[in-house]
Amino acid sequence: MDRESLEFAFTPCPNDTFSFHAWISALVPGPPVAAQIADIETLNERAERGEAQLTKISVATFARVRHNYALLRAGGAAGYGVGPIVVTRTRQNVAGRIAVPGVRTTASLLLRLVGDFDTVAMPFHEIENAVLSGQVDCGVLIHEGRFTYKQKGLQLVADLGAIWEERMRCPVPLGAVAIRRDLASTWAVDVTGALRGSVDYAMKNPTASRAFVEHHAQEMAPHVITRHIGLYVNDYTRDIDERAVDTLLHWGVREGVFSLDEARPIFT
């Protein structure tokens with residue numbers, strides 16, 4: 001392929017648009033990229049079909065695509081206090097029919113920390129209303145849902161991230177940037193440098209990406225955008241916690257959710 005261009009797919013969530021704006025806008029050194037923006041489950045599905053060149057994916061999805069992709073050590077989403085939460089309108093515990101933001105997401109996998117349930121997959125931004133309307137009994141919220149559920153009349157019944165942290169003694173590894181293995185030898189070093197440079201630029205120039213972030217955040221309130229970035233863009237965005245990723249993948253194997261192709265390394 002043309003060494004001068006690369007397609008980079010990531011989500012419209014503020015942590016991604018904030019972190020990657022500098023690179024895709026050529027404000028930091030790195031190979032030229034063309035941005036493709038879609039929700040996380042769409043990115044997971046594209047990776048599962050082998051279509052994506054460079055893409056953000058759920059860490060839980062990596063087990064499904066390890067034969068075609070390797071993870072990079074920058075650009076991920078992980079940390080303490082960032083995990084998915086389970087909310088409800090009327091129940092006292094996690095039970096009944098539960099909405100998840102895609103069957104391939106790390107959030108869906110982490111629901112197994114509290115049991116095995118009847119789940120229904122839907123776009124993450126529809127889950128709160130599905131719980132409020134009674135379409136489902138509980139919902140697993142990610143992203144800005146951590147900041148908005150109370151004002152919408154929902155209550156917390158489980159913090160899956162806190163449960164993970166207590167049991168596994170490591171941060172929650174939610175997402176990572178994956179590169180197709182046939183491209184890794186050509187691109188991985190330069191791309192990792194560009195990702196780190198972009199995150200560094202964003203942290204030093206937090207207003208530079210404002211218009212880009214707000215455009216893709218759509219109806220998200222400015223104060224929610226600020227809280228979202230402050231929570232999800234952290235030291236692990238620049239340098240992923242490899243042990244946490246390995247812990248999640250092997251826990252998924254023990255849970256019987258997937259198997260791992262151990263012959264292929266996780267990281268480039």
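Under 6 Å between Cβ atoms, which residue pairs at least 6 apart in sequence (or on different chains) link something in the stretch 57-69 that is in the same structural domain as Gln36 (by TED's automatic domain parsing) and closer than 15 Å to His250 by Cβ with a partner that is at pLDDT 95 or above and of a type in the set (A, V, I, L, M, F, W, C)?
Val59/Ala176; Val59/Val245; Val59/Leu248; Ala60/Leu109; Ala63/Leu249
For the stretch 146-161: of the residues being touching a strand residue (DSSP E or B) at 6+ places or on another chain (Cβ under 7 Å) and part of a loop (DSSP other than H, G, I, E, B), which is nearest to Val82 (Cα to Cα)?
Here the residue is Tyr149.
Can you tell me which condition Leu110 does not meet? The list is (1) surrounded by fewer than 21 Cβ atoms within 10 Å (Cβ to Cβ); (2) in a helix (DSSP H, G or I); (3) not charged (D, E, K, R), and all the others hold.
Among (1) surrounded by fewer than 21 Cβ atoms within 10 Å (Cβ to Cβ); (2) in a helix (DSSP H, G or I); (3) not charged (D, E, K, R), Leu110 violates only (1).
So, in the stretch 225-239, of the ones that are surrounded by 18 or more Cβ atoms within 10 Å (Cβ to Cβ) and in contact with a Phe, Trp or Tyr (Cβ under 8 Å, 6 or more places away or on another chain), which residue ends up nearest to His143 (Cα to Cα)?
So the residue we want is His228.
Please specify each residue of the stretch 24-34 satisfying the condition of being surrounded by 16 or more Cβ atoms within 10 Å (Cβ to Cβ) and not in a helix (DSSP H, G or I).
Leu27, Val28, Gly30, Pro31, Val33
Picking from Gly115, Gly102, Gly75, which residue would you name as being in a loop (DSSP other than H, G, I, E, B), in contact (Cβ under 8 Å) with a residue 12 or more places away in the chain and in the same structural domain as Met220 (by TED's automatic domain parsing)?
So the residue among Gly115, Gly102, Gly75 that is in a loop (DSSP other than H, G, I, E, B), in contact (Cβ under 8 Å) with a residue 12 or more places away in the chain and in the same structural domain as Met220 (by TED's automatic domain parsing) is Gly75.
Take the residues in the stretch 42-52 that are touching a residue at least 40 places away in the same chain (Cβ under 8 Å) and buried (at least 24 other Cβ atoms within 10 Å of the Cβ), then tell me which one is nearest to the chain's Cα centre (by Cα). Show your work before the answer.
Initial filter on the stretch 42-52 (touching a residue at least 40 places away in the same chain (Cβ under 8 Å)): 44-45, 47-48, 50, 52.
So of that shortlist, the ones also buried (at least 24 other Cβ atoms within 10 Å of the Cβ) come out as 44, 47, 52.
On the way: Asn44: 10, Ala47: 14, Ala52: 16 Å.
In this case the residue turns out to be Asn44.
Would you call Val245 of a type in the set (Val, Ile, Thr), in contact (Cβ under 8 Å) with a residue 40 or more places away in the chain, closer than 23 Å to Arg64 by Cα and surrounded by fewer than 19 Cβ atoms within 10 Å (Cβ to Cβ)? Steps first, answer last, please.
Numbers: of a type in the set (Val, Ile, Thr): yes; in contact (Cβ under 8 Å) with a residue 40 or more places away in the chain: yes; closer than 23 Å to Arg64 by Cα: yes; surrounded by fewer than 19 Cβ atoms within 10 Å (Cβ to Cβ): no.
For Val245, the condition - of a type in the set (Val, Ile, Thr), in contact (Cβ under 8 Å) with a residue 40 or more places away in the chain, closer than 23 Å to Arg64 by Cα and surrounded by fewer than 19 Cβ atoms within 10 Å (Cβ to Cβ) - is not met.
If we keep just the residues of the stretch 169-201 that are touching a residue at least 12 places away in the same chain (Cβ under 8 Å) and polar (S, T, N, Q), which is surrounded by the most Cβ atoms within 10 Å (Cβ to Cβ)?
This residue is Ser198.
State the number of residues belonging to the stretch 118-145 that are more than 18 Å from Pro12 (Cα to Cα) and in a strand (DSSP E or B).
Total meeting the criteria: 7.
The values are calculated or read from the model by the stated rules, or taken from the named source; none is laboratory data. Since this is a predicted model, take the numbers as computed values, not measurements. Don't worry about glycine lacking a Cβ; one is built from the backbone with ideal geometry, like all the others, and counts go over all protein chains shown.
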